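Student: Below you'll find the structure I mean.
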Amino acid sequence: MSEAIWWAVARSEEISAEKPFNVDIGDQPIVLWRETDGTVRALEDRCPHRRAPLSLGCILGSGAIQCGYHGWTFDGESGQLVDIPNLKSERKYPPVYKAKPFGVHESAGFVRICLDAKAPPPADDGYALPLSGTSTVALEHGQYIAALFDDPSLLISIKGVRFSPYLLAELCEQEGQLVMERSCQWASPHWPAPFTSDFPISLRIATDPVTGESDLTLRDDEFNLLLQATLAPVPGARQVTQVRWRAMLSPERPGLAAKAMGLGAPLRVHDHIDGAALRVLKPSASIHADDLREKIAARTDQQDEVA
Amino acid sequence: MLEISDNPATSANDDPITSDPRQFSAKVNAWMPHEIMLTDAWFPLAHSFAVDKKPVRRAVYSQPFYLWRGSDGQVIAAENHPNDTLAGAKSEYTDESGHYPVLEKYGYVWGWLGTPENAAPEHVPSIPYLPEDGGLPLHMLGTVRFDCCAPLSLENLIDLTHADFIHADVVGDEKMDSETVEVFHDSETITMVRTCVNKSVAPIMKMFGGVRDDVQQVRQVIRIYLRSHAAIAYGRFSPGDNVQLFHPCVPETRDRTRLDYAMNTSNVKKSNLFRYIMPKASYKVSRQDSSMTSPQSPRYMRPEKRKDLHSPLDEAGQKYRVLMTALAERQARGDFAYRDDVSADCSDIIGYEKA
């Protein structure tokens, strides 16, 4: 797992000052919590004393995290050990007595972690979309993103919308992102997609080439915005994918079908994948993703060298 | 504008279909249909009736085309929708105002993908059995889609042996006394003529066309205009009515094909159900084709060490591969000239019998 990548491992709502929260990036377990001033902290979810998960401990009034096993207490910013309560002393502990800290950045309702604590923070993403959720899916991260490109209906449902197999634009690079656009239909009775001349709505997917974090934009054929969403898939332990998402239904939605999107949840991110459907899903748009990723990475490396 | 007369017709030396069988075979087996992107071509983007004041969206190789009619009724083809706030920068395929060259012919809106200055009406393919001004009734027109790359769809079309198997319930099975396949080509087209003697009658002709015999004499012609990814499929059936299909395969993306077809059955008597049913057979036939070409398509996306195996009946498909690859290579070298005339009347080539 590369060090300098910012992964959206949690939604802001999931992190509190009451209870530590465990996530992982690949095989790296991480504990997250909020200090009393709202700052989010992240340490390796492993007490350096006896390797117990710090997430089983508690958050003290000082904002430090205390291991639930022997009470070792750590500063969230530096990871430095600040107290071993049973020693009843004011002693200072050597610098090696610390839990591994990670970089933390919170914006737009997502908490992002970088395994390199010294990495420069990413740019702020604007405002938090009001709807949100978390799903954990038994599918490897790369396969999850490939399925998003090839058939999003295996991963998500948008109220009243049916994804067609037909693309307005296949995967291409736009400003460092992988971008594609898929024709969609309303889920009401309609002429079958293979015989349809013009589709009433389309879904644009813009995906970060490394993290797979994807901005989804559903628009009608007059380019009115209907729904926007961000899906943040993160590779987890045992090759599962943790997906945090946020979404917002556009307040102005012309047409009856678009208005009906407001009845119930407009976006669902599936917890379960239909393995039988996935097995026979033919690679299509996704097959170009690796080439595009390589192209973007090569260019980034070149720019880094020049810099 | 490109002038056809400026470009000498294909000479034997330029012919990519070489007489060296090993070289030919190597080219056939290097087939990478997903990598082929031909430009400086007219693409039949929409039936004329489908384009009105509200912009409709089409694509060629993911390049967006928005089509609508101005107040004078003329079609405008633009790169961006007027309301698109996410629109990217203008490409090299449009003029300063973001418009593509566009024209109407044969009842279609044709958009030019390529250098705008090279767009010329004489590069629109010849389709002898479609009225130049369009106007065919709607029941003869339709849209179907293939979940595969356009050159695979066209390779499928030019190999009519497949029809005897996956379309047997529509056009008849493989039972016949003899079958011959002839292939003709130039640098811009390939034409396949299939002649079948005493072939089992197409069920659709038996059911709806009033054909009572058990066998019929069949002469089917597929002519592909390589750059435009457009084919004409002309069949003469005796007994039976001639079938006159325009079969464009617009590569909306590298792995999806749009077919706005026109099946002119005005040669069939108005009292004959075949006139109305045959154009609708496309809905069934296209799904049958897609059932095979869709799983085929990803298997042609990457170079493959194992060679495809071929039969003598695959001559047209093999030559189509070589011609398409040669045209793509020529364009990669910066040569976009038309060396052969695609708009010259091809009635004689396809053996079209005017009603």
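Read the figures in this text as sums done on the coordinates, not as results from a lab. All figures in this text were calculated on a predicted structure; none of them were measured in a lab. Note: ideal-geometry Cβ built from the backbone for every residue, glycine included; neighbour counts use all protein chains shown.
Student: Under a 5 Å amide H to amide H cut-off, with H placed in plane at 1.01 Å, what residues pair with A:LEU167 once short-range neighbours are removed?
Tutor: Amide H neighbours of A:LEU167, under 5 Å, 5+ apart: A:SER183.
Student: Averaged over its residues, how many other protein chain Cβ atoms are within 10 Å of peptide A:270-283's Cβ atoms? Mind showing how you got there, number by number?
Tutor: On the way: counts 0, 0, 0, 0, 0, 0, 0, 0, 0, 0, 1, 0, 9, 5.
Average neighbour count from other chains, rounded to a whole number: 1.
Student: In chain B, which longest range has no GluC sites (Glu not before Pro) that are both DSSP loop (not H, G, I, E or B) and surrounded by at most 14 other Cβ atoms within 10 Å? Don't skip to the answer; put the middle values down first.
Tutor: Values: sites that count: B:GLU3, B:GLU92, B:GLU96, B:GLU132, B:GLU174, B:GLU304, B:GLU353.
The answer is B:175-303.
Student: Cut-off under 13 Å on the C-alpha distance; same-chain residues fewer than 8 positions from A:LYS98 excluded. Which aspartates and glutamates are left, in chain and number order?
Tutor: Straight-distance partners of A:LYS98: A:GLU44, A:ASP45, A:ASP75, A:GLU77, A:ASP83.
Student: Once phi is turned into ³J(HN,Hα) by the Karplus curve 6.51 cos²θ - 1.76 cosθ + 1.60 with θ = phi - 60°, what whole-Hz value does each residue of the range A:35-42 show in order, with x for glycine and proline?
Tutor: 7, 5, 7, x, 5, 8, 10, 9
Student: Check the straight Cα-Cα distances from B:LYS319 and name the lysines below 16 Å, setting aside those fewer than 8 residues away within the same chain.
Tutor: B:LYS27, B:LYS307
Student: May I ask you to list the lysines whose Cα is less than 18 Å away from that of A:LYS159, ignoring any residue fewer than eight positions away on the same chain?
Tutor: Result set, ordered by chain and number: A:LYS259.
Student: Debye sum, Cα scatterers, the range B:140-350, no solvent: what log₁₀ I/I(0) at q = 0.12, 0.15, 0.16, 0.17 1/Å?
Tutor: -0.63, -0.99, -1.13, -1.28
Student: Continuing with this model, one more query. Cβ under 13 Å from B:PRO82's Cβ, B:PRO82 left aside: what net charge do those residues give with Lys, Arg +1 and Asp, Glu -1?
Tutor: Working: positive: B:LYS53, B:LYS54, B:ARG57; negative: A:ASP221, A:GLU222, B:GLU79, B:ASP84.
Combined, the nearby Lys, Arg, Asp and Glu give -1.
Student: Based on the alpha carbons, how large is the Rg to Rh ratio for the range A:73-192 when Rh follows Kirkwood?
Tutor: Expressed as Rg/Rh, it is 1.18.
Student: Would you mind listing how long the range A:6-114 runs along its three principal axes, going by Cα atoms, in whole Å with the largest first?
Tutor: 42, 29, 22
Student: Oh, and also: Taking each residue of B:137-147 in turn, how many C-beta atoms of other protein chains fall within 10 Å of its C-beta, and what is the average? Don't skip to the answer; put the middle values down first.
Tutor: Working: counts 0, 0, 0, 0, 1, 2, 6, 5, 10, 2, 6.
Average neighbour count from other chains, rounded to a whole number: 3.
Student: Taking every pair of alpha-carbon atoms in the protein assembly as shown, what share in percent sits in each 10 Å bin, from 0 to the bin with the longest distance?
Tutor: 3, 14, 21, 21, 16, 11, 7, 4, 2, 1, 0
Student: Restricting to Cα pairs below 8 Å that are 6+ residues apart, what does the relative contact order work out to for chain A? Please round to a whole percent.
Tutor: Relative contact order, chain A: 17 percent.
Student: For chain B, with a Gaussian network of springs between Cα atoms less than 10 Å apart, report the residue from B:LEU259, B:LEU309, B:LEU45 with the top mean-square fluctuation.
Tutor: With Cα springs under 10 Å in chain B, the top fluctuation among B:LEU259, B:LEU309, B:LEU45 is at B:LEU309.
Student: Work through the residues other than A:VAL40 whose Cβ is under 13 Å from its Cβ and net out their charges, Lys, Arg +1 and Asp, Glu -1. Mind dumping the intermediate values first?
Tutor: Details: positive: A:ARG11, A:ARG34, A:ARG41, A:ARG112; negative: A:GLU13, A:GLU14, A:GLU35, A:ASP37, A:GLU77, A:GLU106.
Net of charged neighbours comes to -2.
Student: Under 5 Å between amide hydrogens, which residues at least 5 positions from A:ALA42 or on another chain qualify, with H placed 1.01 Å from N in the peptide plane?
Tutor: Amide H neighbours of A:ALA42: A:PHE102.
Student: Among B:ARG299, B:ARG275, B:ARG223, determine the one that fluctuates most according to a GNM of chain B built with springs between C-alpha atoms less than 10 Å apart.
Tutor: B:ARG299
Student: Just from its helices, what would the mean residue ellipticity at 222 nm be for the protein assembly as shown, if runs of 4 or more DSSP H residues each count -39500 (n - 2.57) and the sum is divided by every residue, rounded to the nearest 500 deg cm²/dmol? Working shown, then result.
Tutor: Details: 12 runs with 114 residues, N = 662.
Computed mean residue ellipticity for the protein assembly as shown: -5000 deg cm²/dmol.
Student: Next question, about the same structure. Compute the Rg/Rh shape ratio of chain B: radius of gyration over Kirkwood radius, all on alpha-carbon atoms.
Tutor: Numbers: Rg = 20.1 Å, Rh = 21.0 Å.
That ratio equals 0.96.
Student: Would you grab the residues whose amide H sits under 5 Å from the one on A:ILE5? Only those 5+ places off in sequence or on another chain, please, with H modelled 1.01 Å from N.
Tutor: Those lying under 5 Å, H to H, from A:ILE5 are A:LEU115, A:ASP116.
Student: Also: Ratio of the range B:86-183's C-alpha Rg to 2.2 N^0.38 Å, to two decimals?
Tutor: Numbers: Rg = 19.2 Å, N = 98, 2.2 N^0.38 = 12.6 Å.
Its radius of gyration relative to the 2.2 N^0.38 Å reference: 1.53.
Student: Measure out, as a whole number of angstrom, how far apart the alpha-carbon centroids of the range A:35-51 and the range B:229-265 sit.
Tutor: What the calculation gives is 66 Å, centre to centre.
Student: With springs only between Cα atoms under 10 Å, which of B:ASP52, B:ASP241, B:ASP72 fluctuates most in a Gaussian network model of chain B?
Tutor: Of B:ASP52, B:ASP241, B:ASP72, the most mobile in the Gaussian network model is B:ASP72.
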